[in-house]
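Derivation of every value follows stated rules applied to the coordinates shown; laboratory data play no part. If you're wondering where the values come from, they're calculated on a predicted model, not measured in any experiment. Using ideal geometry, Cβ is built from the backbone for each residue, glycine included, and neighbour counts are taken over all protein chains shown.
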Amino acid sequence: MTEQKEKIHAKKINDHLFEIERTGNMKVPVRIFASEKLLSKLQEDASLQQGINVASLPGIYKASIMLPDAHQGYGFSIGGVAALDYETGCISPGGIGFDINCGVRLLTTPLKKEDVEPKIKELMDSMFRNVPSGVGSESFLRLSNPELDAVLNKGAAWAVEQGYGFKEDLEHCEENGGMKEADASKVSNKAKSRGREQLGSLGAGNHFLEVQYVEQIYDEEVAKAFGITEIGQVTVMIHCGSRGLGHQVCSDYLRKMEEADPELMKSLPEKDLIYAKAGTQLAKDYFGAMAASANFAWTNRHIIAHQVRKSFKEVLGLEPEKIKTVYDIAHNIAKVEEHMIDGEKKKVYVHRKGATRSLPAGHPNTPEVYKSVGQPVLIPGSMGTASYLLVGTEKALEESFGSTAHGAGRVMSRTEAIRSFRGEQVRKELEEHKIYLKAGSLKGVSEEAPAVYKDIDEVVKVSHEAGIGNLVAKLRPIGVIKG
């Protein structure tokens, strides 16, 4: 992985934007949405150097963009965005990530915090039974080969056909819960075998299932359009991705790209920036496999939402149709989009790695139900901290290819976290704040302690004040499931 050997100078443009000017092989500058506080954290790892490396990719337009939650990743920094020309550019798995379409689904209920809190332990225990969690967790579903291919090609629409959730859920999903470019035939048998028994499971790492309540509303009109009507309203947030299947797809295509162009490999500043040139069969194959993995992830969150509804019915008697999907959004993905660049409409591969699409009212890709207000943006916090609901903006379209932050962003490695925090102590501290925790392992709890992440409040403040995603509501957990 890239090392940041010395402090890299970033020129201050304004209170929320910094720039690293073009030098060497850079085709464009690096633009960093951050506060002084967040920028200082970027000097502690190799993320700024990764932003510079991305600026050297073929066909890149405008800037290599780093968002307020940026931190070191493989290839691109996490919290990195780049738009690469559809014909002369490339597509890079390092700009999407291993957990393809790791993302978030937010559900609303008509219940209030005081309705749920007395039964929170019972509710979380029910969810823990209904949603398999932890490393290697297996689904209650057993899919045949044709069924798995249908999931990969259709996405969450397959689940609705099987009686899970509602058609209305799809209308509240990015891409309606399924990318049409998906091609299951481009996903290896090994990847399929890893995913076959994981559909409807949470997994481990930073994935979570939270019961939350609305602590604050910043924009009443937009909140109401999103189904958020009052302080204390209970919501549910699901954060997970494509599990072993997506990870294997990324590994498979990294290897294929390395083998296809060994000379390119030698010339790259970081091997994880390997790419397939636009227009090649390899680029088309990877995009089809990536889209299929994204469809698996949307279906995964959709089925988890079905199981959440089942638990609310079991414990609180709430009918499933009263739990509504606000939105389901991808964090690790590439899309073929059209953007205005220097006065011309350009077709590009927009890579969003640890980044959320942030589209304004009236945009063709904003869901029909939200055309009048803009697309919901979901930014989950770390375990025990607040999460946020924002709305997309015109400025994001102009400044960051319609993108904003996706979360808090790590500041501590998992190894360091295990050394620094005891899982049982983290659990105790959460319970002191009236947050009930169910976890697959205490090791996982240590790795995800709140202190290993950046300040989520600072991240969303920068997004809002920079105008690339505006605050709508703040959500606070009362129950957490970790893998």
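Sort the following peptides by mean Cβ neighbour count (other Cβ atoms within 10 Å, averaged over residues), highest first: 75-86, 203-214, 134-145.
Working: 75-86: 27.0, 203-214: 24.1, 134-145: 14.5.
Sorting 75-86, 203-214, 134-145 by mean packing, highest first, produces 75-86, 203-214, 134-145.
How would you order 241-248, 146-153 from highest to lowest mean count of nearby Cβ atoms within 10 Å?
Details: 241-248: 27.0, 146-153: 20.9.
So the peptides 241-248, 146-153, ranked by packing, come out 241-248, 146-153.
Net charge near Asp125, counting Lys/Arg +1 and Asp/Glu -1 over other residues with Cβ under 12 Å of its Cβ? Before the final figure, lay out each step's value.
Numbers: positive: Lys119, Lys121, Arg129, Lys438; negative: Glu122, Glu314.
Taking every other residue near Asp125 into account, the sum is +2.
Over the stretch 138-178, calculate the relative contact order: mean separation of alpha carbon pairs under 8 Å at least 6 apart, over the residue count, as a percent.
On the way: 20 pairs, mean separation 14.5, N = 41.
It rounds to 35 percent for the stretch 138-178.
Net charge around Arg243, counting only other residues with Cβ within less than 9 Å of its Cβ (Lys, Arg = +1; Asp, Glu = -1)?
Numbers: positive: Arg194; negative: Asp99.
Residues near Arg243 contribute 0 overall.
Return the long-range amide H neighbours of Gly402 (sequence gap of 5 or more, or a different chain), with a cut-off of under 5 Å between placed amide H atoms.
Correct list: Leu397.
So what is the relative contact order of the stretch 165-247, in percent, for Cα pairs below 8 Å that sit 6 or more residues apart? Please report the intermediate quantities before stating the final value.
On the way: 64 pairs, mean separation 28.3, N = 83.
Dividing the mean separation by the residue count of the stretch 165-247 yields 34 percent.
Would you mind ranking Trp298, Trp158 so that the residue whose beta carbon has the fewest other beta carbons within 10 Å leads the list? Provide the component values of the computation, followed by the final result.
Values: Trp298 33, Trp158 26.
Ascending Cβ contact count within 10 Å gives the list Trp158, Trp298.
What is the ratio of the Cα radius of gyration of the stretch 229-383 to 2.2 N^0.38 Å, with N the residue count, to two decimals?
On the way: Rg = 19.5 Å, N = 155, 2.2 N^0.38 = 15.0 Å.
Relative to the 2.2 N^0.38 Å estimate, the stretch 229-383 comes out at 1.30.
Non-local amide H neighbours of Ile60 (under 5 Å, H modeled in plane, Pro and chain starts lacking H): which ones?
Asp85
What is the distance in Å between the Cα centroid of the stretch 360-391 and that of the stretch 416-446?
Going from one Cα centre to the other spans 29 Å.
If you compute Cα Rg over 2.2 N^0.38 Å for the structure shown, which of [x] 1.21; [y] 1.04; [z] 0.90 do you land on?
Matching the structure shown: [z].
Tell me, what is the percent relative contact order of the chain, built from C-alpha pairs under 8 Å that lie six or more residues apart?
On the way: 1226 pairs, mean separation 107.4, N = 483.
Across the chain, relative contact order equals 22 percent.
Using the Karplus equation 6.51 cos²θ - 1.76 cosθ + 1.60 (θ = phi - 60°), what ³J(HN,Hα) coupling, rounded to whole Hz, does each residue of the stretch 61-75 give in order, writing x for Gly and Pro?
The phi angles translate into 10, 6, 6, 7, 9, 10, 9, x, 9, 4, 7, 4, x, 9, x Hz.
Please turn the phi angles of the stretch 380-389 into ³J(HN,Hα) values with the Karplus equation 6.51 cos²θ - 1.76 cosθ + 1.60 (θ = phi - 60°), one per residue in order, whole Hz, x for glycine and proline.
Each residue's phi maps through the Karplus curve to give x, x, 7, 3, x, 9, 6, 10, 9, 10 Hz.
Excluding Leu318 itself, what net charge comes from residues whose Cβ is under 14 Å from its Cβ, given Lys and Arg +1 and Asp and Glu -1? Each step should come with its number before you reach the end.
Working: positive: Lys112, Lys119, Arg309, Lys310, Lys313, Lys322, Lys324; negative: Asp115, Glu122, Glu314, Glu319, Glu321.
With Lys, Arg at +1 and Asp, Glu at -1, the net is +2.
Rg/Rh for the stretch 35-147 to two decimals, with Rh computed the Kirkwood way over all alpha-carbon pairs. Kindly include the intermediate steps, with their values, before the conclusion.
Values: Rg = 20.8 Å, Rh = 18.3 Å.
So for the stretch 35-147, dividing Rg by the Kirkwood Rh gives 1.14.
Cut-off 11 Å, label point 7 angstrom out along Cα-to-Cβ of Gln162: give me the residues of the stretch 225-240 whose amide nitrogen falls inside.
none
Go through 475-483, 427-435, 442-450, 162-170 and give me the packing order, highest mean Cβ count within 10 Å leading.
By packing density, highest mean first, the sequence is 475-483, 442-450, 162-170, 427-435.
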